[in-house]
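Asks: This is the structure I want to talk about, given as structure tokens.
The values are calculated or read from the model by the stated rules, or taken from the named source; none is laboratory data. These numbers were taken from a predicted model, which means no experiment stands behind them. Neighbour counts run over all protein chains shown; Cβ positions are idealised from the backbone, glycine included. Accessible surface is based on the protein model in full, side chains and every heavy atom, while ligands, DNA and RNA are left aside. Shrake-Rupley method; radii C 1.70, N 1.55, O 1.52, S 1.80 Å.
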There are 2 protein chains.
Amino acid sequence: MSQTIKQIESIKEFGGFLNRYTHDSEVCNCQMTFSVYLPPQTETQAVPALYWLSGLTCTDDNVRVKAGAQRYAAEHGIALIMPDTSPRGEQVPDEEARYDLGKGAGFYVNATQAPWGKHYQMYDYVTTELPALIEANLPVIAGLKSISGHSMGGHGALICALKNPQAFQSVSAFSPICHPMNCGWGQGCFSAYLGADENTWEQYDAVKLIEAGANCSGILIDQGTADEFLTEGQLHPESLQQACERAGIPLQLRLQDGYDHSYHFIASFIGEHIAYHSKALKQKTA
Amino acid sequence: MSQTIKQIESIKEFGGFLNRYTHDSEVCNCQMTFSVYLPPQTETQAVPALYWLSGLTCTDDNVRVKAGAQRYAAEHGIALIMPDTSPRGEQVPDEEARYDLGKGAGFYVNATQAPWGKHYQMYDYVTTELPALIEANLPVIAGLKSISGHSMGGHGALICALKNPQAFQSVSAFSPICHPMNCGWGQGCFSAYLGADENTWEQYDAVKLIEAGANCSGILIDQGTADEFLTEGQLHPESLQQACERAGIPLQLRLQDGYDHSYHFIASFIGEHIAYHSKALKQKTA
């Protein structure tokens, strides 16, 4: 596996550096771009990492501009790892008329169906290839990481943690797609990327994973009550809540009154999420 | 003067509301859009206001998405008032090929020259019409306000405070254009909006205003040392420093090592600016 990354941008922020990199991804078969915020503590030491998976239509840029997360990452001494949401490039298949399939909508699965399978391997990308690259090249503590995300990326964070309970110290999500097999967004992507056999979908559905025995030490979720996609039936936190109750997984599902689906909602609570992950990451090192 | 505003958007953030409004501006002769963040304290009381003037190419949207200011406004109980940077609309003259003249580049002056004079009255807009509208319609304490801004908006904040020392309790700026008569951006806009007679420019140049006797109780400025526009000679904080020294105006000019001109720089220090303004605003009410 190629372990070379190329730094293409560096901006000082909160005493640390917000950097952007490109690399040739072997699993996605294309050049990928990602951003990393290195807090000031990395001048003298390696730090834990928090992976942030973004939602539909996003690149690595949205969270770094809109969430206000860097302030808290600097306070807690945590690196933020911000991957893209899909493979990119002219050779990568897309559905240009749709925002919820193809580029910007990788859904954090390994696609098996043509024409998607050659590039849309985002599950392997965010759980294996990218962490190996990060740990080989940047001042993070190998193996000490947590994961969070928003909407489609909240789904991604949940399945990555549930499928790899040893790899991530903690998991949280904002407005996650909890049960993609049971919503329009998830059904559209899963049928395209994974094919018609719904049995193959269950490995990427948080509710189904928990029902099949996946476990983790706890989950923190913030969900706005004025979220249009909650009303539309895309998110289904109640299904996750039921699955967690049956499985005995401690779920903090916080319904935040009057908040919507936007980054303004994320900004309002990202500090509490980073504090939550910081506590879990520091318990591991203590 | 029409005192009607129309709310077109409301997003909950940090317990308060980020609202957007339109209104028919009499001084700018067009419909204008502005944003206001109302902190949670406004549920039960009126609060002081901080006006934020944005830089070249911006609308009201940039600061509300990128600066991370709402968190601190909520903490301190201050409303953020975020106007646009120029008049807008099809009937408003523009230089479409230029980012630094016309729409997005009002420079906070009252234009006297054709074709600009009919609409480009941003000085009167931000110092008179907009505050009257805000105070008539929103839960802010009449007359209790401070001002800040970035780049072209830093220039705007400085001249608004220097020309109206009683109207603003405090003034700060990020990377301000301190001496527009002496830089390309300022000369381009002033010659277009105000004409060839440079004597008319001096009323909108912070350095010239101080040299002519304008005063204020103090100025806080953050300036990144890696700011490309500092190197390019657009900003000239040293001229402002010399003018303030001669006039006895307390200037805190903080050269922030390695920071650039972007909102990532603003985000890093906006909390300190809001704390600075909060202290001045609360001294006034105490």
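Asks: Tell me yes or no: at least one residue of segment B:104-111 is within 14 Å of chain A (Cβ to nearest Cβ), of a type in the set (Val, Ile, Thr) and either assigned to a loop (DSSP other than H, G, I, E, B) or in contact (Cβ under 8 Å) with a residue 12 or more places away in the chain (or both).
Replies: Checked against the condition, which is being within 14 Å of chain A (Cβ to nearest Cβ), of a type in the set (Val, Ile, Thr) and either assigned to a loop (DSSP other than H, G, I, E, B) or in contact (Cβ under 8 Å) with a residue 12 or more places away in the chain (or both), segment B:104-111 yields no hits at all.
Asks: How many residues does segment A:198-229 contain that are away from chain B (no Cβ under 14 Å) and in a helix (DSSP H, G or I)?
Replies: 14
Asks: Taking the options B:Gly184, B:Gly271, B:Gly258, B:Gly188, name whichever one is within 14 Å of another protein chain (Cβ to nearest Cβ), open to solvent by 10 Å² or more (accessible area, probe 1.4 Å) and either within 18 Å of the chain's Cα centre (by Cα) or closer than 18 Å to B:Ala105 by Cβ (or both).
Replies: The match here is B:Gly271.
Asks: Here is a follow-up. Can you name every residue in segment B:69-97 that is under 26 Å from B:Gln169 (Cβ atoms), surrounded by fewer than 24 Cβ atoms within 10 Å (Cβ to Cβ) and of a type outside the set (D, E, K, R)?
Replies: B:Tyr72, B:Ala74, B:His76, B:Gly77
Asks: Given the options A:Gly106, A:Gly89, A:Gly117, name the one that is more than 23 Å from A:Ala206 (Cα to Cα) and in contact with a strand residue (DSSP E or B) (Cβ under 9 Å, 6 or more places away or on another chain).
Replies: A:Gly89
Asks: Among the residues of segment B:138-181, which ones are within 10 Å of the chain's Cα centre (by Cα) and open to solvent by 10 Å² or more (accessible area, probe 1.4 Å)?
Replies: B:His150
Asks: Now for a different question. Can you tell me which residues in segment A:203-214 are of a type outside the set (Gly, Ala, Ser) and either in contact with a strand residue (DSSP E or B) (Cβ under 7 Å, 6 or more places away or on another chain) or open to solvent by less than 70 Å² (accessible area, probe 1.4 Å) (or both)?
Replies: Selection gives A:Tyr204, A:Asp205, A:Val207, A:Lys208, A:Leu209, A:Ile210.
Asks: Mind checking whether some residue in segment B:217-225 is aliphatic (A, V, I, L, M) and under 29 Å from B:Asp94 (Cβ atoms)?
Replies: no
Asks: Could you list, in sequence order, the residues of segment A:38-60 that are within 14 Å of chain B (Cβ to nearest Cβ) and without any contact (Cβ under 8 Å) to a residue 40 or more places away in the chain?
Replies: Listed by number, the residues that qualify are A:Pro40, A:Glu43.
Asks: If I ask for residues that are free of Cβ contacts under 8 Å to residues at least 24 places away in the same chain and within 21 Å of B:Tyr125 (Cα to Cα), which ones from segment B:65-94 would you list?
Replies: The answer is B:Glu90, B:Asp94.
Asks: While we're on this one: Sort out which residues of segment B:112-130 are open to solvent by less than 10 Å² (accessible area, probe 1.4 Å) and over 16 Å from B:Leu158 (Cα atoms), and write them in order of number.
Replies: B:His119, B:Tyr120, B:Glu129, B:Leu130
Asks: Considering segment A:47-57 alone, what residues qualify as being surrounded by fewer than 24 Cβ atoms within 10 Å (Cβ to Cβ) and assigned to a loop (DSSP other than H, G, I, E, B)?
Replies: A:Leu56, A:Thr57
Asks: Do you know which of the residues in segment A:7-23 that are free of Cβ contacts under 8 Å to residues at least 40 places away in the same chain and more than 19 Å from the chain's Cα centre (by Cα) is farthest from A:Ser35 (Cα to Cα)?
Replies: A:Lys12
Asks: In segment A:241-255, what count of residues is obtained for those that are out of contact with any helix residue (DSSP H, G or I) (no Cβ under 7 Å at 6 or more places or on another chain) and either of a type outside the set (Asp, Glu) or within 14 Å of chain B (Cβ to nearest Cβ) (or both)?
Replies: 8
Asks: What do you reckon, is A:Phe265 in a helix (DSSP H, G or I), under 17 Å from A:Cys178 (Cβ atoms) and within 14 Å of another protein chain (Cβ to nearest Cβ)?
Replies: yes
Asks: So, in segment B:1-14, of the ones that are modelled with pLDDT of 95 or more and more than 12 Å from chain A (Cβ to nearest Cβ), which residue ends up surrounded by the most Cβ atoms within 10 Å (Cβ to Cβ)?
Replies: Going through the qualifying residues, I end up with B:Ile5.
Asks: For the subset of segment A:274-284 comprising residues that are open to solvent by less than 40 Å² (accessible area, probe 1.4 Å) and of a type outside the set (Gly, Ala, Ser), which member is farthest from the other protein chains (Cβ to nearest Cβ)?
Replies: The selected residue is A:Leu281.
Asks: Could you grab me the full set of residues in segment A:215-230 that are open to solvent by 20 Å² or more (accessible area, probe 1.4 Å) and either under 23 Å from A:Cys189 (Cβ atoms) or modelled with pLDDT of 95 or more (or both)?
Replies: Correct list: A:Thr225, A:Ala226, A:Glu228, A:Phe229, A:Leu230.
Asks: If you don't mind, another one. Return the residue satisfying two criteria in turn: it lies in segment B:15-37 and is farther than 22 Å from B:Tyr108 by Cα and either of a type in the set (S, T, N, Q) or open to solvent by 40 Å² or more (accessible area, probe 1.4 Å) (or both), and of such residues it is nearest to the other protein chains (Cβ to nearest Cβ).
Replies: B:Phe17
Asks: Consider A:Val63 against the criteria (1) within 23 Å of A:Met152 (Cα to Cα); (2) within 14 Å of chain B (Cβ to nearest Cβ); (3) open to solvent by 40 Å² or more (accessible area, probe 1.4 Å): it satisfies all of them except one. Which criterion is unmet?
Replies: Of (1) within 23 Å of A:Met152 (Cα to Cα); (2) within 14 Å of chain B (Cβ to nearest Cβ); (3) open to solvent by 40 Å² or more (accessible area, probe 1.4 Å), only one is false for A:Val63: (3).
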